[in-house]
Amino acid sequence: MDDVEIPAPGLLLRPWRVDDAPAVLAALTDPAVERWNAQGVTDLERATDWIRRRADWSDGSHVSLAVTDPSGETLSGAVSLHQIRGDNAAVGYWTAAGARGRGVASRAVDALTTWAFGERCLHRIEIVHAVANEASCRVATRAGYRLEGTMRESHRYGDGRRHDEHLHARLATDT
């Protein structure tokens, strides 16, 4: 499965490469990403380790892809299925600063979700995000994920505080 490439309008979702490390480091040390999606990546060595972990799908628990321009060269973000259990999973994503506000995340999430329903035979995929992260709420909604509710103070984010979170989900049977 490590050769999976998923096209999306104006994007390509492709496997991670070690040479993505500088762009990953830049993205994951961006304060906006660190606040909502802290990964502990602080140097190129850790960025390379981060890439290697995401590129290894051997245990079947996740599928993680780089989100790039159509040529596969310029990193715009990341999208992943994780917590894969049976026919359920969750999706996560982040967008590099230069790619924000252009619908990159919602197109990537929609493409990965469509692939997961078809190729992985998943039935339900969830997105959980801090209520205060309004951009993630827009991504989920635009990608067809319905808001199901609010989980009170359910996760401690990069700012050290517990935040209420929205739970969105999309089913294979949703139209």
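What follows draws every value from the coordinates through simple rules; no lab data is involved. Predicted model, so just to flag it, every value in this text is computed and none were measured. Here the Cβ positions follow ideal geometry from the backbone for every residue, glycine too, while neighbour counts run over all protein chains shown.
Hydrophobic, long helices, defined as DSSP H runs whose alpha-carbon span along the helix axis is 18 Å or greater and whose mean Kyte-Doolittle value is at least 0.0, occur in the chain at 104-119. Can you classify region 6-171 as rounded, prolate or oblate using the Cα gyration tensor, where a ≥ b ≥ c are the square roots of its eigenvalues, rounded means a/c under 1.5, and otherwise it's prolate if a/b beats b/c and oblate if not? Cα axes put region 6-171 in the rounded bin.
Once the Cβ-Cβ distance of Thr74 and Thr173 is raised to the sixth power relative to R0 = 45 Å, the FRET efficiency obtained is 0.80. If you take the Cα centroid of region 44-76 and the Cα centroid of region 1-21, the two points sit 8 Å apart. First measure r as the distance between the Cβ atoms of Ala135 and Val18, then evaluate 1/(1 + (r/R0)^6) with R0 = 35 Å and state the FRET efficiency to the nearest 0.05. Here the calculated transfer efficiency is 0.75.
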